[in-house]
Amino acid sequence: MATPTGLEFRVTAPPGGWTVESVLELSDEERARNVVELVDGVLHVSPLARLEHQRLVGRLWGQLSPGAAPRCEVLPGANLVLGNRNDRLLIPDLVVSTAPGLEGVSLTEKQVLLVAEIESPSTRVQDRILKKALYAEALIPYYLLVDPEQEAATVYALSDGEYLPHAKSEGGVLTLAEPFPAELDLRG
């Protein structure tokens, strides 16, 4: 059982190791202070984002949603199950789902057009390297990476199994034509 205590997150692995199901079965109280993700059966625990981060998530949600609708839905902090191995669960800051109105506790990569991660000091390396590689391996068409410190963002498009820069912000504004029209104002 997991017990958050201050800055610690103590867990005992279930019999047979961690799976997507066992992570999703953690209680709300157990996940209240941390983001708990699963990569190849290994838990990745990071602190909940700061309020400034959450405000930026909200602004980006509001700026992406009009262009994505009605064929897509923008969701903050959705559980995203990658692959069929039952050992990868990530929680991107934003997910653009191609299954609007879907019910349940998670999405799969087949139901996602774009994932977005907002860098923070504690997640920068994971967002730029690990998560980018995992999303590409899962064949998610677009990856939006936001650096709030620089008021910069890059959208990567999948090409031959890897992400290539597709659009970059200028002056704190990212203008998208694909995967749908949107203008993201990153200026605080």
Checklist entry - If we count GluC sites (Glu not before Pro) as exposed when they sit in a DSSP loop and have at most 13 other beta carbons within 10 Å, what is the longest stretch of the chain that avoids them all? => result 30-102
Checklist entry - For labels at Arg85 and Ala157 in the simple 7 Å Cα→Cβ model, what's the distance in nm? => result 2.9
Item to check | Given charges at Cβ of Lys, Arg, Asp, Glu: segment 1-104 dipole, positive-most of Phe9, Leu60, Thr98 | outcome: Leu60
Checklist outcome for this item: As a percent rounded to 5, the proportion of antiparallel DSSP bridges among beta bridges in the chain is 85
Item to check | Integer Hz, Karplus 6.51/-1.76/1.60 couplings in order for segment 19-34, x for Gly and Pro | outcome: 10, 4, 4, 5, 5, 5, 7, 4, 6, 4, 4, 5, 9, 5, 10, 9
Next on the checklist: Once the cut-off is 17 Å, how many percent of the Cα-Cα pairs in segment 32-104 end up in the long-distance tail?
Outcome noted: 52
Item to check | Semi-axis lengths (Å, descending) of the ellipsoid that matches the C-alpha gyration tensor of segment 82-188 | outcome: 22, 16, 14
Checklist entry - From largest to smallest, what semi-axes in whole angstrom does segment 126-188 give when each is the square root of 5 times an eigenvalue of its alpha carbon gyration tensor? => result 21, 14, 8
Checklist entry - Once every DSSP H run of n ≥ 4 in the chain is given -39500 (n - 2.57) and the sum is divided by its residues, what mean residue ellipticity at 222 nm do you get, rounded to the nearest 500 deg cm²/dmol? => result -4500 deg cm²/dmol
Item to check | Qualifying lysines (Cα of each under 17 Å from Cα of Lys168; at least 8 residues distant if same chain) | outcome: Lys132
Checklist entry - To the nearest 10 degrees, how steeply does helix 51-68 sit against the main Cα axis of the chain, on a 0 to 90 scale? => result 60
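Each reported figure results from applying straightforward, stated rules to the coordinates on display, with no laboratory input. These figures come from a predicted structure and were not determined experimentally. Positions of Cβ are generated from backbone atoms using ideal geometry, with glycine treated the same way; all protein chains shown enter the neighbour counts.
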